[in-house]
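*Asks:* One structure is given below, represented as structure tokens, and several questions about it will come after.
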Amino acid sequence: MIDITKEDIELILKKLLIQYSGQKSWKIQSLSNKETLGFLGDHLILKVYNDEKKIVDFFLKAIPRHVEKRMELINVCGFFIREVKFYEHFMPILDKLSSISFAPQFFFVKTEHFIVLENLKHFKTFSNQSRVLDYDHFKALMKTLAIFHASSIIYEEKFGELSEKELQMLREVSHPDDKNNIRSAGVESCIQVMIELIQLIPKYKNSMHLQEILRKFPFVMRSIYNYVKPSKKYRNVISHGDLWTNNVMFKYDSGKNIEECKIIDFQFARYSPPAVDITTVLYSSTTKEFRSMYYEEMLDTYYDSMKIELNRNEIDHEKALPYEELCQSMKKYRKGGLIEALLFCHLTLLPSDLASNVLNSSEEYEKFIQQTRIEKCMSAFEVQYYRDRLTEILCELIDNFVL
């Protein structure tokens with residue numbers, strides 16, 4: 001049950017440029033009846049009416065109070081509060097400094113309950129079974145991501161380094177370096193899944209190196225905690241932290257050409273080098289074949305967009321973020337991007353029937369976290385798209401950073 005009041009509705013409408021007079025009524029409905037959309041929140045539509053039957057739509061993201069274990073995870077880890085702080089404090093500043101609107105507009109939050117944002121009804125995710133982006137969509141994302149990161153650089157260049165309070169708002173919540181944190185248990189569970197899957201990959205199951213791989217692999221995976229920390233060597237920016245296919249939306253013209261790209265879901269926002277976001281989405285949302293063909297072009301697209309945005313604000317891009325530094329950091333953070341891709345994809349690529357079952361039942365969610373993750377992922381590994389994607393990522397990580 002969403003606890004929204006008449007006073008809440010009035011506050012939301014005040015942020016619109018168009019005024020709606022008359023008696024207000026509203027209703028909340030699911031964004032989709034087909035499947036659960038969102039691992040860390042329920043995605044809903046808020047429809048507001050007046051006595052003239054005019055309608056305004058908003059996107060409403062709510063804590064899943066009906067699934068106790070998911071709600072507990074969100075509250076303990078502070079995911080919802082993180083997104084609230086990003087939209088309340090950072091987004092108004094970054095949006096003003098940016099040449100485009102790279103994220104949905106923020107309207108209202110009821111702390112620990114829900115957040116109300118612009119309904120991107122004219123935008124769509126580029127969704128396919130394998131959760132990979134094609135050339136045009138990835139290129140559009142690189143341009144938008146560069147402008148988002150540039151707004152962070154512009155902010156610090158104009159107003160000084162982030163304050164301690166602001167850095168605290170961006171402290172790591174996805175992979176905090178704390179063995180007692182529930183997220184650490186998730187990493188360990190993923191490691192156990194991957195250990196089982198590695199032994200099913202023909203390239204490794206009969207290899208003389210199999211035992212060496214199984215011994216070293218967990219230590220490589222645990223380096224994720226260093227990957228997400230602010231860097232002491234490379235420039236840090238306000239980063240998304242959860243960048244994969246479903247967290248990017250596109251708007252098309254009548255000819256189905258991409259007009260706009262927006263980034264959504266900032267519950268993992270952090271302070272890190274730009275390469276952390278880029279490598280995360282590169283390895284979680286493209287194929288090895290795509291990267292071999294377009295890696296340099298996509299990095300150039302990102303940097304060209306960054307350069308234009310910084311120059312527009314009379315900031316020397318070679319001092320703010322040298323191209324050589326970006327290239328070096330991409331190499332350094334490659335391993336982390338592959339690890340993050342495994343942490344994402346073993347869940348996000350689950351067949352929808354398995355994912356919906358897990359996310360919509362508190363009992364099934366607890367079982368998945370504590371008992372059935374290996375079983376379900378092993379079952380999913382029998383499905384070709386899941387097997388192909390996980391195998392590709394595992395092989396690239398093992399061949400380059402384990403052996």
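The values are calculated or read from the model by the stated rules, or taken from the named source; none is laboratory data. Here the structure is a predicted model, which is why all the values come from computation and not from measurement. No Cβ is skipped: glycine too gets one built from the backbone with ideal geometry, and neighbour counts run over all protein chains shown.
*Asks:* Counting just the residues of region 204-225 that are surrounded by 14 or more Cβ atoms within 10 Å (Cβ to Cβ) and among the basic types (Lys, Arg), which one comes out nearest to residue 336 (Cα to Cα)?
*Replies:* If we take residues in region 204-225 being surrounded by 14 or more Cβ atoms within 10 Å (Cβ to Cβ) and among the basic types (Lys, Arg), then 222 is nearest to residue 336 (Cα to Cα).
*Asks:* Just one of the numbered conditions (1) modelled with pLDDT under 90; (2) buried (at least 19 other Cβ atoms within 10 Å of the Cβ) is not true of residue 113; which one?
*Replies:* In the conditions (1) modelled with pLDDT under 90; (2) buried (at least 19 other Cβ atoms within 10 Å of the Cβ), residue 113 misses (2) alone.
Per-residue answers, yes or no, for (1) touching a strand residue (DSSP E or B) at 6+ places or on another chain (Cβ under 7 Å); (2) free of Cβ contacts under 8 Å to residues at least 12 places away in the same chain; (3) not in a helix (DSSP H, G or I):
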site	(1), (2), (3)
91	yes, no, no
99	no, no, yes
102	yes, no, yes
108	yes, no, yes
117	yes, no, yes
120	yes, no, yes
150	no, no, no
168	no, yes, no
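*Asks:* Which pairs have Cβ atoms under 6 Å, sit 6 or more apart or on different chains, and link a residue in region 278-294 that is over 15 Å from residue 331 (Cα atoms) to one that is polar (S, T, N, Q) and assigned to a helix (DSSP H, G or I)?
*Replies:* Pairs that qualify, where the first residue is over 15 Å from residue 331 (Cα atoms) and the partner is polar (S, T, N, Q) and assigned to a helix (DSSP H, G or I), are 285/245.
*Asks:* Which pairs have Cβ atoms under 6 Å, sit 6 or more apart or on different chains, and link a residue in region 363-387 that is surrounded by 17 or more Cβ atoms within 10 Å (Cβ to Cβ) to one that is among the small types (Gly, Ala, Ser) and modelled with pLDDT of 90 or more?
*Replies:* Listed pairs, sorted by first residue: 373/189; 386/380.
*Asks:* Looking for something modelled with pLDDT under 95 and hydroxyl-bearing (Ser, Thr, Tyr) - is there at least one such residue anywhere in region 248-259?
*Replies:* yes
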